[in-house]
Amino acid sequence: MDLMVSASVEDDPDYEETARIATLAFGRENAPFAPSRFEWFYNCAFSEGATIVRLTDDRTGQKVGQIALVNHAIATPDGVVTTSEMVDLFVLPDYRGSKRLRTLFDEVERQFRDQDIRFSLGVPNKKSLSVNDRFFHLKPYRKLDIRGGVRSPLGSQKPLFSEEVTDAGASHVAELFAPYATCPHDAGLIWDGPRMAARLANPVQRYGLHGTPELALVSSPRTFRNMPITLLIGFFSRGGETVSKNSVSALVAAATRLWRRPAFLYIGVHSAIEALPGWPLADWMRFSPMTLHLRDFAPDGLPLDLDRFQLIDFDFG
């Protein structure tokens, strides 16, 4: 018997239900998703809110899957427009299939057009590549650098500040980051003090903020392939100006010193950084495609040429 499903916008999300269904869909019963993570990511992490498109079993009215569109303001040659990242696509096993995915993505496309969202940006994993291409025409746009290294936490230039900001409070984070807010001529997602404070309020991660007179860095302690590392989530140059290697080195040293994890990883692109930290991983060493995919819903507009796109700009960070 064919299961009848429909797709619609979820106006009053139940985050307990969302976490439960995601846990079942991904087979993570031994490490269930936290409802607080979904609530933060959809409501706080990015500046323009989110739209949740749910898949519903029409017989029972129960939610059986979803995809979320997380919106953010982005500076482009055409001015400030809205971009959206598609995240958290999951469908319960009994409801999977191309027909249900088509139903879900048709509603997603309707939301992009109804909300006048200019770009869809995403960094899909290997399993999502063919799905995004087939059902949404999301195409490869730019390959992100994956760079790693080991930094001694000693003997480096002293930064202006270097501290964990996980529980520091929104006003403090906003004040620290304010001088490094992105500029209108800097093509990329827009970050200012309040936006950064909301982004770093992730209830399931820890973050550090470090700064020199010309550059800021957001970092986080993570584990990669069972090895503790310092993840370099995003660099932000003051006034959008090109910065020196010395500032980059000082902040990498400060971050690895704060977390006591000398191994570090950076993923992204940033045209204002003269020398990104570490060394690029060879293609055979890349643990994920880490390729930015794009769809432009106004193809007659000026093309997007991003100056920066980093882990801070999507859900990996």
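Among the candidates PRO221, PRO228, PRO203, single out the residue that is at pLDDT below 95 and not charged (D, E, K, R). Within the list PRO221, PRO228, PRO203, the selection yields PRO203. Being touching a residue at least 60 places away in the same chain (Cβ under 8 Å), within 17 Å of GLY122 (Cα to Cα), open to solvent by less than 10 Å² (accessible area, probe 1.4 Å) and among the aliphatic types (A, V, I, L, M) holds for only one residue in ILE67, ILE74, and it is ILE74. Within region 249-265, residues that are farther than 12 Å from ILE229 by Cβ sit with their Cβ atoms under 6 Å from residues that are open to solvent by 20 Å² or more (accessible area, probe 1.4 Å) and among the polar types (S, T, N, Q), at 6+ positions apart or across chains, in these pairs: ALA250/SER156; ALA250/GLN157; ALA253/SER156; ALA254/SER162; LEU258/SER162. Taking the listed residues LEU160, LEU189, the one that is of a type in the set (A, V, I, L, M, F, W, C), open to solvent by less than 30 Å² (accessible area, probe 1.4 Å) and touching a strand residue (DSSP E or B) at 6+ places or on another chain (Cβ under 9 Å) is LEU189, with no other qualifying. For first residues located in region 219-234 and more than 16 Å from ASN202 (Cβ to Cβ) and in the same structural domain as ALA250 (by the TED database), partners that are surrounded by fewer than 17 Cβ atoms within 10 Å (Cβ to Cβ) and modelled with pLDDT of 95 or more and lie 6+ apart or on another chain with Cβ distances below 6 Å form the pairs ILE229/ALA263.
Filtered by the rule that a residue be open to solvent by 10 Å² or more (accessible area, probe 1.4 Å) and either touching a His at 6+ places or on another chain (Cβ under 6 Å) or farther than 21 Å from GLY27 by Cβ (or both), region 99-112 gives LYS99, ARG102, THR103, ASP106, GLU107, GLU109, ARG110, GLN111.
Total residues in region 232-272 satisfying the condition of being β-branched (Val, Ile, Thr) and surrounded by fewer than 21 Cβ atoms within 10 Å (Cβ to Cβ): the figure is 2. The residues on offer are ALA254, ALA275, ALA216, and the sole one that is assigned to a helix (DSSP H, G or I), at negative phi and either at pLDDT below 95 or aliphatic (A, V, I, L, M) (or both) is ALA254. Of all residues assigned to region 232-239, at least one qualifies as being over 19 Å from the mean Cα position of the chain (by Cα), of a type outside the set (Phe, Trp, Tyr) and part of a helix (DSSP H, G or I).
From the set of residues in region 113-161 that are of a type in the set (S, T, N, Q) and under 23 Å from the mean Cα position of the chain (by Cα), which is nearest to GLU214 (Cα to Cα)? Checking each candidate, the answer is SER120.
Flag not set for HIS172, criterion: crowded, with 18+ Cβ neighbours inside 10 Å and either among the polar types (S, T, N, Q) or free of Cβ contacts under 8 Å to residues at least 60 places away in the same chain (or both). Of all the listed residues (PHE177, PHE135), the sole one being of a type in the set (Phe, Trp, Tyr), open to solvent by less than 60 Å² (accessible area, probe 1.4 Å) and at pLDDT 95 or above is PHE177.
The values are calculated or read from the model by the stated rules, or taken from the named source; none is laboratory data. Keep in mind it's a predicted model, so treat the numbers as computed, not measured. Note: ideal-geometry Cβ built from the backbone for every residue, glycine included; neighbour counts use all protein chains shown. For accessibility, only protein heavy atoms count, side chains too; no ligands or nucleic acids. Shrake-Rupley method; radii C 1.70, N 1.55, O 1.52, S 1.80 Å.
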